[in-house]
Amino acid sequence: MGRTTAPVPNEHLNVQLNGNNLKYAICKENGYYNKEQKNSTENGAGPPSSQKRFQRPESFEQAPMYVAVMTYLGFGIVTLFGYFRDFLRAVGLEKCHIAKEREEQKDFVPLYQDFENFYTRNLYMRVRDNWNRPICSLPGPVFDVMERVSPDYNWTFRLTGKTIDNVINMGSYNYLGFAENDADFMKTVADRTQQYGLGVCSTRQEMGNLVIHGELEQLVATFLGVESSMAMGMGFATNSMNIPALVGKGCLILSDELNHTSLILGARLSGATIRVFKHNNMQSLERLLREAVCSGQPRTHRPWKKIMIMVEGIYSMEGSVVRLPDIVALKKKYKAYLYLDEAHSIGAVGPTGRGVTELFGLDPSDIDVMMGTFTKSFGAAGGYIAGKKELVDYLRSHSHSAVYASAMSPPITEQILRAMKCIMGLDGTTVGQARVHQLAENTRYFRSRLQEMGFIIYGNDDSPVVPILLYMPGKVVAFSRAMLERKIGVVVVGFPATPITEARARFCLSATHTKAMLDQVLIDLNQLGDDLCLKFSRRKYSPRPQQQQHNNDDTTTTTTTQTLSRTTVS
């Protein structure tokens, strides 16, 4: 069954496996294992339990120095032109479309900060056509995009009435393909809609508590292997409204520097002290834990009421997977609490789709607060909090999201039940497990091919979130527009959502992507990478087929994967 890590009083946090004598020493480099461990993992050496327990190596390759120089230079040129255009607006030679103060209110406290809008009006507006693209079909593996034009350089848009058909969808979080409209699959959802209607119009504590809500919470608890769970109608609010109910003044939150905005907002609303540790860096986390235990609260040096570590399962901008065994070991060593956000990992990783706890073979009881959303792998909306029964019962009466928010819509509730039963095999089919395995296969194939082509990609080999680093602002815009011309829909992300020198395109794999679709995307990426000079990697990757054995508690599945032997070009 689930195995736990035994904490060792060592600064580098050596984690020893139960049942064998292998030890893996985590090196000081953030996100990397040492050479011996990395090679043994890639080559399939070691017993299957060790491969199951420890995650695949993560890649955070640095670009050449000239790329950073050119990126800063590009932003500098755009900024200079922005100031020049502001001058033209000031003297009346160019029309200003953005909101500004009225002349009769110039002596009042300003409602619009002119300097804060500089980036929006001079940089973002020039490239706004790459975001908020309207679609007019099901967001499945392909979708239809509504064509639009702008007569005033993206300040306003006008729909032409035409559509761009059959665009390959590489941006949605539809990991398992449950955002679908198949009449046979959706029959139970239609029946629930006919029975209960679309909305409840009340909170769970008043008149909005339906039988199917309790059924969903019981199923979620069974799926995760915990005592109890609580479902909410909004994923963002699941974090932002429940964290303040768990911690408050006199408590300490240790937050990963790349945590989602919902976690950050919830931490700020709680009133607790927040300290940030480097992403997936166990030395940084242990240093903060040791200081918190030894020094206590500032000035008074009283012990903290609670110390809570907040992390995500899969980080949606980096594609990296949390180093959960190491964090659990630190949590036990320093008697802290652990809050795990599995918004992107639940359903998407693990042999049976049960998230990062299953991926590492850990006991779910080691996680104090398990959080996840239904908006991605389950093709619905909302989120959940799961753990011990005492925790869930407490949140039912103290969480703002549970007390004041409207209950989850009945058809959405049924959609989650349908998808989760399919994954668990309770519908009498193996469709759910086939989708989980197909997603893993698509992820490994797509990542390995991108590395062979010479792109710099971030993240873990198990993560269906695949960021391709583009770096320069001009390349980001050109890449997004060129991909749409090739009927491929992608999400591009830049500053301030990412560091200024790490703009990227984020690809999200789905179980419904066929090999033909992925091959077409890879062909276009290869060509576009040459045309726009996007292949910055200095490593060489040579494909090598290898048989890898994946063991579960109940079944053993053998899959053929592509492993990569890496050599760095000096």
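Yes/no matrix, rows are residues, columns are (1) modelled with pLDDT under 95; (2) surrounded by 22 or more Cβ atoms within 10 Å (Cβ to Cβ); (3) within 29 Å of the chain's Cα centre (by Cα):
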{"residue": "Q194", "(1), (2), (3)": "yes, no, no"}
{"residue": "M207", "(1), (2), (3)": "yes, no, no"}
{"residue": "L210", "(1), (2), (3)": "yes, no, no"}
{"residue": "Q218", "(1), (2), (3)": "no, no, yes"}
{"residue": "V226", "(1), (2), (3)": "no, no, yes"}
{"residue": "I243", "(1), (2), (3)": "no, yes, yes"}
{"residue": "V247", "(1), (2), (3)": "no, yes, yes"}
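Is there a residue in the range 429-436 that is touching a Phe, Trp or Tyr at 6+ places or on another chain (Cβ under 6 Å) and in contact (Cβ under 8 Å) with a residue 40 or more places away in the chain? Give the steps one after another, and end with the answer.
Filtering the range 429-436 for residues touching a Phe, Trp or Tyr at 6+ places or on another chain (Cβ under 6 Å) gives none.
No.
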Open item on the list: Please count how many residues of the range 363-379 are open to solvent by 10 Å² or more (accessible area, probe 1.4 Å) and part of a loop (DSSP other than H, G, I, E, B).
Closed with: 5
Task: Any hit, the range 174-189, residues being in contact (Cβ under 8 Å) with a residue 40 or more places away in the chain, out of contact with any His (no Cβ under 9 Å at 6 or more places or on another chain), open to solvent by less than 70 Å² (accessible area, probe 1.4 Å) and not in a loop (DSSP other than H, G, I, E, B) - done: yes
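Let's see how each residue does on (1) closer than 17 Å to G387 by Cα; (2) surrounded by fewer than 19 Cβ atoms within 10 Å (Cβ to Cβ); (3) modelled with pLDDT under 95:
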residue: L285; (1), (2), (3): no, no, no
residue: L289; (1), (2), (3): no, no, no
residue: P298; (1), (2), (3): no, yes, yes
residue: V311; (1), (2), (3): yes, no, no
residue: S316; (1), (2), (3): no, no, yes
residue: I327; (1), (2), (3): no, no, no
residue: I346; (1), (2), (3): yes, no, no
Open item on the list: Against the definition (part of a helix (DSSP H, G or I) and in contact with a strand residue (DSSP E or B) (Cβ under 7 Å, 6 or more places away or on another chain)), how does A402 come out, yes or no?
Closed with: yes
Task: Failed item, numbered, when N181 is tested on (1) under 30 Å from T514 (Cβ atoms); (2) at pLDDT 95 or above - done: (2)
- [ ] Tell me which residues, restricted to the range 260-278, are open to solvent by 10 Å² or more (accessible area, probe 1.4 Å) and either touching a Leu at 6+ places or on another chain (Cβ under 7 Å) or of a type in the set (S, T, Y) (or both).
- [x] T261, S270, A272, T273, R275
Task: Odd one out for P499, checked against (1) assigned to a helix (DSSP H, G or I); (2) open to solvent by 20 Å² or more (accessible area, probe 1.4 Å) - done: (1)
TODO: Go through the range 477-492 residue by residue and tally those that are within 23 Å of Y72 (Cβ to Cβ) and open to solvent by less than 10 Å² (accessible area, probe 1.4 Å).
DONE: 3
Task: Residue that is least open to solvent (accessible area, probe 1.4 Å), among those in the range 524-541 that are closer than 14 Å to R447 by Cα and part of a helix (DSSP H, G or I) - done: L525
Task: For E257: the one exception among (1) touching a residue at least 60 places away in the same chain (Cβ under 8 Å); (2) surrounded by fewer than 24 Cβ atoms within 10 Å (Cβ to Cβ) - done: (1)
Task: Unmet criterion (only one of (1) under 24 Å from L80 (Cα atoms); (2) of a type in the set (S, T, Y); (3) at pLDDT 90 or above) for T163 - done: (1)
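Tell me yes or no: at least one residue of the range 113-128 is in contact with a Ser or Thr (Cβ under 7 Å, 6 or more places away or on another chain), in contact (Cβ under 8 Å) with a residue 12 or more places away in the chain and under 30 Å from M146 (Cβ atoms).
Start the filter on the range 113-128 by keeping residues that are in contact with a Ser or Thr (Cβ under 7 Å, 6 or more places away or on another chain), which leaves none.
Checking the range 113-128: not a single residue is in contact with a Ser or Thr (Cβ under 7 Å, 6 or more places away or on another chain), in contact (Cβ under 8 Å) with a residue 12 or more places away in the chain and under 30 Å from M146 (Cβ atoms).
The values are calculated or read from the model by the stated rules, or taken from the named source; none is laboratory data. Bear in mind that the values here come from a model prediction, so they are computed numbers and not experimental data. Glycine also receives a Cβ, built like all others from the backbone with ideal geometry; neighbour counts cover every protein chain displayed. Just the protein is used for accessible areas: all its heavy atoms, side chains included, with ligands, DNA and RNA removed. Shrake-Rupley method; radii C 1.70, N 1.55, O 1.52, S 1.80 Å.
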